[in-house]
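Step one of this worksheet: look at the structure below.
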Amino acid sequence: MARTTELTDLAERESLRSRLKIPLMLAPAVGIVVLLFGGGILVGLGQSLGYFPAIGLNEFTFEYYGSVLTDSNFLRSLWLTFRIAATATVLSSVLAVGFALVLRQKFAGSRLATFLFQIPLPVPHLVAASGIILLVTQSGLTARLAYALGIIDVPGDFPAMVFDEAGIAIILTFLWKEVPFVGLVVLAVLQSVGPQYEEQARTLGANGRQRFFNVLLPLIMPGIMSTSIIIFAFTFANYEIPLLLGTRFPSTLPVVAYRLYQDPDLALRPEAMAISIVLAIVALLLLIAYRRLARYAVR
């Protein structure tokens, strides 16, 4: 009996040790991330509530939130931010599915096409933005080519696609970067599933449209939804690309917060932090709603 009890205790200790092994290994890295991220959130939240001892603010107040939320420019920037993020997300998902359906087929040069499709992935977003500037500005390569072909009289007749209120260049940059990201995930799902489900549907008399919407789309929907959530969160909170390619006014919310934060007048810092906190809350709420919509679509 004593031997059995000892073996049981030893087994329980080994089981506990195995369960704690991975959390203990991850604890240092997770602790640093939590400390830095959590500390930054607390400092930003405190400053947004008016606690900024460096400039003599020592009392908590919601004044800065009221100032931000009642500003018509804030709502305009919020709509611009949401529109760009939603447009980039939807278009990225649609184009990625189309590319994935093509690349899963075996044809001459399919490997080369897949390789070229992946090229944007390691390219930094700032480099992509520079390429878009060289390509679609009114003095860029596309405008000069259109002028050389006689499509436009002068390069200045080319539509303004950079520093425009519609954010076309911003969306194009996000598309060039994010379409391969979604496409490779969808392509991996399609390759893992194989053609058997489509063949069965074809045998039962389903046409191409029915096979796509009733067979393929439900299979790839989880991958589409998971990647589109990531894209939406990233584009909604991104400030580098809108800062480089967007108009001075209106600007996306991350750009507005960044400019207020960088202003030499430290009295504007609480408003910058208030916008950042509101931005984080809005992004979180949108992602929760989007996640529920994704689960419904998957079901």
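Against the definition (of a type outside the set (S, T, N, Q), in contact (Cβ under 8 Å) with a residue 24 or more places away in the chain and over 24 Å from Ser192 (Cβ atoms)), how does Ala129 come out, yes or no?
Criteria met by Ala129.
In the set (1) farther than 17 Å from Val282 by Cα; (2) of a type outside the set (Gly, Ala, Ser); (3) in contact with a helix residue (DSSP H, G or I) (Cβ under 9 Å, 6 or more places away or on another chain), Leu80 fails one condition alone, (1). Looking across Gly66, Gly50, one residue alone is surrounded by fewer than 12 Cβ atoms within 10 Å (Cβ to Cβ) and at pLDDT 80 or above. It is Gly66. Considering (1) touching a residue at least 40 places away in the same chain (Cβ under 8 Å); (2) in a helix (DSSP H, G or I); (3) among the hydrophobic types (A, V, I, L, M, F, W, C), the lone condition that Ala188 does not fulfil carries the number (1). When Tyr147, Tyr197 are checked against the criterion of being closer than 17 Å to Leu101 by Cα and either of a type in the set (Ser, Thr, Tyr) or surrounded by fewer than 18 Cβ atoms within 10 Å (Cβ to Cβ) (or both), a single residue qualifies: Tyr197. Restricting attention to the range 274-284, does a residue exist that is buried (at least 17 other Cβ atoms within 10 Å of the Cβ), in the same structural domain as Val185 (by TED's automatic domain parsing), under 15 Å from the mean Cα position of the chain (by Cα) and not aliphatic (A, V, I, L, M)? No, the range 274-284 has no match at all. When Leu135, Leu175, Leu112 are checked against the criterion of being over 18 Å from Pro242 (Cα atoms), assigned to a helix (DSSP H, G or I) and assigned by TED's automatic domain parsing to the domain that holds Phe234, Leu112 stands alone in meeting it. Considering the range 223-239, and only residues there that are among the β-branched types (Val, Ile, Thr) and more than 14 Å from Val94 (Cβ to Cβ), the residue that is surrounded by the most Cβ atoms within 10 Å (Cβ to Cβ) turns out to be Thr235. Taking the criterion of being in a loop (DSSP other than H, G, I, E, B) and touching a Gly at 6+ places or on another chain (Cβ under 8 Å), the residues of the range 163-172 that qualify are Phe163, Gly167.
The values are calculated or read from the model by the stated rules, or taken from the named source; none is laboratory data. What you are looking at is a predicted structure, and each value in this text was computed from that prediction instead of being measured. Note: ideal-geometry Cβ built from the backbone for every residue, glycine included; neighbour counts use all protein chains shown.
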